[in-house]
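Scroll down for the structure; my scribbles are underneath it.
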Amino acid sequence: MKAVVVPRPGVLTVEEREVPRLEQEDGVLVRVRAGGICGSDLHIYHGTSPVATYPRVIGHEFVGEVVEIGRKVTRVKRGDRVVVEPIMYCGQCYPCRTGRPNVCERLEVLGVHRDGGFQEYVVVPERNLHPFSGDLSWEEAALIEPFTIAAQVADRGMVQEGDRVLILGAGPIGLCILAYLSLIGALCGVADIIPERLERARELGAAFVVNTKASSLEDEVLHHFPDGANVVIDAVGLPETFERAVRLVSRAGRVVVLGFHTTPSAIPQALVTLRELTIVGSRLQAHKFPRVVELFEKKQLHSRKLISHVFPLLEVHRAFALLEHYPEATCKVVLTM
Ligand SMILES: [Zn+2]
Ligand SMILES: [Zn+2]
């Protein structure tokens, strides 16, 4: 079978590998059918991921078909169409015991710490599989995982119907967050510096969009949300976007950060205390797959306007080049196997 491997930073190859064997009783052999390329795959390729190890088969946003099951598997059967939940956790540590396996002390993510989904077959434990019904295309279903990230953000930011939300960054994750929060009934403004991305945000239902190269974000936010944004989501992840998020949020507001930047941001205590802000991180997702699968099955969430390109696995180099050189022309790029 073919596998997309990053043997070391800066190198991306398609290798011929053995189809993995089912060895565990709770294991399931999945024929991968589609996988979305994520910003973090690009980071692993460039050696800028703070967590990845090498060599690595990348890809963590993937779906496929069950072809073989271990002796003790009961939740899925041959022929089921499944989305893979890419986190592996211990179930024993404090985060796991308190319902937050996404920050398990022994967390491993498929495609990051363990081989992932950009290969034709994978073996995963059955608890990592979530079946979905038949009429979603493979490409569409590849967007389920990024929407679980959005569901986690909604949860961490305690977003309610009617909340005024500002989303910094209109890349694929920012747009998934926009679509998810709009479904909850939040009113969302979106900021970015790429007009094409802002146009997508508008089409996906943003109440307003701001090109921060052309106009003042502060003025625009106050114009549309006179009390400030109740929730600000930093889907850009720079030291200065974090600072901006804390400045722009309303009293009793929430700031959600998703970035992995290690440079400190300057956040004065007074700003946090006087307005009693809640500042939280949001990483991966915890128990969000069932809900997101259901929303996809009911067509309340969908991948329309989010998938810009689909390539066969063997054209992974073209797909990566497109993502890196044409951010204005791309959104989610999906590989098919
Ligand atoms: Zn991702
Ligand atoms: Zn754990």
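The values are calculated or read from the model by the stated rules, or taken from the named source; none is laboratory data. What you are looking at is a predicted structure, and each value in this text was computed from that prediction instead of being measured. With ideal geometry, Cβ positions are generated from the backbone for all residues, glycine too; neighbour counts draw on all protein chains shown.
Restricting attention to the stretch 103-129, which residues are more than 20 Å from Pro146 (Cβ to Cβ) and within 16 Å of ligand 2 (Cβ to nearest atom)?
Cys104, Glu105, Arg106, Pro125, Arg127
If you take the residues in the stretch 77-102 that are near ligand 2 (Cβ under 6 Å from one of its atoms) and hydrophobic (A, V, I, L, M, F, W, C), which one is farthest from the chain's Cα centre (by Cα)?
Going through the qualifying residues, I end up with Cys93.
Cβ-Cβ under 6 Å, sequence separation 6+ or interchain: first residue in the stretch 316-333 and in contact (Cβ under 8 Å) with a residue 40 or more places away in the chain and farther than 19 Å from Val11 by Cα, partner part of a helix (DSSP H, G or I) and hydrophobic (A, V, I, L, M, F, W, C). Which pairs?
Taking only residues 6 or more apart or on different chains, the pairs are Val333/Ala319; Val333/Leu323.
Given the structure, is Pro125 touching a strand residue (DSSP E or B) at 6+ places or on another chain (Cβ under 8 Å), touching a residue at least 40 places away in the same chain (Cβ under 8 Å) and buried (at least 17 other Cβ atoms within 10 Å of the Cβ)?
The answer is no for Pro125.
Of all strands (runs of 3 or more DSSP E) completely enclosed by the stretch 17-127, which ones contain at least 1 residues that are within 16 Å of ligand 1 (Cβ to nearest atom), in contact with a Leu (Cβ under 7 Å, 6 or more places away or on another chain) and modelled with pLDDT of 95 or more?
Ranges flagged: 27-37, 81-84.
For Gly259, state whether it is outside the structural domain of Val30 (by TED's automatic domain parsing), within 17 Å of the chain's Cα centre (by Cα) and closer than 30 Å to Glu218 by Cα.
Considered against the rule, which asks whether it is outside the structural domain of Val30 (by TED's automatic domain parsing), within 17 Å of the chain's Cα centre (by Cα) and closer than 30 Å to Glu218 by Cα, Gly259 comes out as yes.
Yes/no matrix, rows are residues, columns are (1) surrounded by fewer than 20 Cβ atoms within 10 Å (Cβ to Cβ); (2) within 16 Å of ligand 2 (Cβ to nearest atom); (3) under 19 Å from the mean Cα position of the chain (by Cα):
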{"position": "Glu18", "(1), (2), (3)": "yes, no, no"}
{"position": "Val28", "(1), (2), (3)": "no, no, no"}
{"position": "Ala34", "(1), (2), (3)": "no, no, yes"}
{"position": "Tyr45", "(1), (2), (3)": "no, no, yes"}
{"position": "Ser49", "(1), (2), (3)": "no, no, yes"}
{"position": "Ala52", "(1), (2), (3)": "no, no, yes"}
{"position": "Gly64", "(1), (2), (3)": "no, no, yes"}
{"position": "Gly70", "(1), (2), (3)": "yes, no, no"}
{"position": "Thr74", "(1), (2), (3)": "yes, no, no"}
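Please go through the stretch 231-244 and pick out each residue that is buried (at least 16 other Cβ atoms within 10 Å of the Cβ) and more than 20 Å from the chain's Cα centre (by Cα).
Glu243, Arg244
Residue pairs, Cβ under 7 Å, 6 or more apart or interchain, first in the stretch 263-288 and more than 18 Å from Ala229 (Cβ to Cβ), second part of a loop (DSSP other than H, G, I, E, B) and not small (Gly, Ala, Ser). List them.
Ala286/Arg100
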